[in-house]
Amino acid sequence: MRIPYELLIGWRYTRAGRSSGRNGFISFISGVSMLGIALGVAALIIVLSVMNGFQKEVRDRMLAVVAHIELLAPGGEGFADVTGLMAQARQHPSVLAAAPFVAQQALMGRGDEMRGAMVRGIAPELETQVTDFTLQLPPAVRAALQADRFNVVLGGELARALGVQVGDRVTLVAPGGQVTPAGVMPRLKQLTVAGLFDSGHYEYDATLVLLHIDDAQRIFRLTSPSGVRLKLKDTQQARSVASDLAAQLGPDVIVRDWTRQNRNWFAAVQVEKRMMFIILTLIVAVAAFNLVTTLVMTVTDKRADIAILRTLGASPRSIMAIFVVQGATVGVLGTLAGLLLGLGVAFNIDVIVPAIENALGASFLPRDIYLISRMPSDPQSADIWPIVLLSLAMALVATLYPSCRASRINPAEALRYE
């Protein structure tokens, strides 16, 4: 197979020899451009993979506590036929399990300490099918959540704020009050701490209180559960499944999926990813446009070669193709090197980071400060392919001006002083 001479000459110029000082300097600049592209691409892949890892880690911990979908009654009145609603929801092929619940805000106190809390009444035997963190509770703690015992399970952070341990008594102050001859008195209920949980998510560990659903209905004077919690086969399909259930169940049921409950947090993460992508892309852009300098110097150095090729019959398009090949080769090699380096670090970051920590005697993510003590990473093709294509595109664009300039060289002018 005959290889076009443009490719051969372009590749020869790319690996320009170092016999002369000028060729050596051009080759050095070309190598720096290639290294810059590789480091920029690798940095983009590593940073976005780590951000994806953090997002996935926090999302998984969040989904261990919250339901994939919640079915609520308008005005918080509750559902009279909650069993029928659960059966109707389970008819959807994407729904794995359903469980009733009661959710009310209240105050939890012990002595002079008082904290706001989200009280969730659950049916333990059904709740374990819906949320993962209740399944991780010790069997003795789940067994203690029985009707009429008024036992509670507190988040670890909330328990520390109140200064209570397992077996202590806490006071629940319910919203609303009782009208007495002395005026409106708050409704209080003494509860026993049967256990503590640590979901790994501060927001829930500092506010969530679990007790049996029958006890919650009695405390808050409800005749039926507040709603139904659903677990799905695929959490990423929550929004579409919620739309299907909203159409299926009608306007008397409010359908809320987990993506809408935590919309602000996920929106903030997406904004951060976009900003990091833009900032780190500038590194690739600077390295790619260093190719302009490399090619301009090469064109100046090879004016006589270009003139000779033109006199031998090479067209301006062929001359332009030679230098496009040279610049594109640098861009392709730099991008491939950055891709391999980035993926190598991203897939092995759980080994690399501990090794660096041991070498430096430091901890990047102290357990007592950060939610996650290890550096997570989740490379995704949806992030990697745009990085690769953008790097190649910038490298190609950087070759256009010097290549056009080379194609316009007049052979007579170039050879006049040779």
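The values are calculated or read from the model by the stated rules, or taken from the named source; none is laboratory data. Predicted model only: the values in this text are computed from it and were never measured. Cβ placement follows ideal geometry from the backbone for every residue including glycine, while neighbour counts extend to all protein chains displayed. When the accessible area is computed, the model is the full protein with side chains, heavy atoms only, and any ligands, DNA or RNA have been set aside. Shrake-Rupley method; radii C 1.70, N 1.55, O 1.52, S 1.80 Å.
Candidates in the stretch 245-295 are the residues that are charged (D, E, K, R) and without any contact (Cβ under 8 Å) to a residue 24 or more places away in the chain; of these, the one that is farthest from R229 (Cα to Cα) is R274.
The residue of the stretch 110-134 that is most open to solvent (accessible area, probe 1.4 Å), among those that are closer than 17 Å to L188 by Cβ and small (G, A, S), is G111. A residue that is of a type in the set (D, E, K, R) and either in contact (Cβ under 8 Å) with a residue 12 or more places away in the chain or in contact with a strand residue (DSSP E or B) (Cβ under 6 Å, 6 or more places away or on another chain) (or both) occurs nowhere in the stretch 78-87.
Of the residues screened, T335 is not one that is over 24 Å from I29 (Cβ atoms), β-branched (V, I, T) and either surrounded by 20 or more Cβ atoms within 10 Å (Cβ to Cβ) or in contact (Cβ under 8 Å) with a residue 60 or more places away in the chain (or both).
Surrounded by 13 or more Cβ atoms within 10 Å (Cβ to Cβ) and among the charged types (D, E, K, R): is that true of R374 in this structure? Walk me through it before giving the result.
Numbers: surrounded by 13 or more Cβ atoms within 10 Å (Cβ to Cβ): yes; among the charged types (D, E, K, R): yes.
The answer is yes for R374.
Among residues that are in a helix (DSSP H, G or I) and open to solvent by less than 30 Å² (accessible area, probe 1.4 Å), I322 is included. Taking every residue in the stretch 353-369 that is closer than 19 Å to I46 by Cβ and in a helix (DSSP H, G or I) and pairing it with any residue that is open to solvent by less than 90 Å² (accessible area, probe 1.4 Å) and at pLDDT 75 or above, at least 6 positions away or on another chain, the pairs with Cβ-Cβ distances below 9 Å are V353/M375; P354/M375; I356/A362. Kindly provide the set of residues from the stretch 221-247 that are crowded, with 21+ Cβ neighbours inside 10 Å and assigned to a loop (DSSP other than H, G, I, E, B), ordered by number. P225, S226 - these are the residues of the stretch 221-247 that are crowded, with 21+ Cβ neighbours inside 10 Å and assigned to a loop (DSSP other than H, G, I, E, B). Scanning the stretch 184-202 for residues that are surrounded by fewer than 16 Cβ atoms within 10 Å (Cβ to Cβ) and under 38 Å from the mean Cα position of the chain (by Cα) yields a total of 2. For the stretch 277-298, the candidate set comprises residues that are open to solvent by less than 60 Å² (accessible area, probe 1.4 Å), under 25 Å from the mean Cα position of the chain (by Cα) and β-branched (V, I, T); within that set, the residue that is nearest to T14 (Cα to Cα) is V284. Of all positions in the stretch 204-211, none carries a residue that is open to solvent by 20 Å² or more (accessible area, probe 1.4 Å), modelled with pLDDT of 90 or more, closer than 15 Å to F101 by Cβ and not acidic (D, E).
For the subset of the stretch 248-276 comprising residues that are of a type in the set (D, E) and closer than 27 Å to M62 by Cβ, which member is surrounded by the most Cβ atoms within 10 Å (Cβ to Cβ)?
Within the stretch 248-276, the first condition is being of a type in the set (D, E), and the residues that meet it are 252, 257, 272.
Filter once more, so that each one left must be closer than 27 Å to M62 by Cβ: 257, 272.
Details: D257: 24, E272: 13.
Selected residue: D257.
Regarding L137, is this residue crowded, with 19+ Cβ neighbours inside 10 Å, among the hydrophobic types (A, V, I, L, M, F, W, C) and either over 14 Å from E70 (Cα atoms) or modelled with pLDDT under 90 (or both)? Before the answer, list the steps.
Details: crowded, with 19+ Cβ neighbours inside 10 Å: yes; among the hydrophobic types (A, V, I, L, M, F, W, C): yes; either over 14 Å from E70 (Cα atoms) or modelled with pLDDT under 90 (or both): yes.
Answer is yes for this residue.
Taking the stretch 140-154 as the search range and keeping residues that are without any contact (Cβ under 8 Å) to a residue 60 or more places away in the chain and surrounded by fewer than 23 Cβ atoms within 10 Å (Cβ to Cβ), which one is farthest from L210 (Cα to Cα)? Before you say what the answer is, go through the steps one by one.
Kept after step one, since they are without any contact (Cβ under 8 Å) to a residue 60 or more places away in the chain, are these residues of the stretch 140-154: 140-144, 152-154.
Filter once more, keeping what is surrounded by fewer than 23 Cβ atoms within 10 Å (Cβ to Cβ): 140-144.
Numbers: A140: 15, V141: 11, R142: 10, A143: 13, A144: 11 Å.
For the stretch 140-154, the residue satisfying everything is A140.
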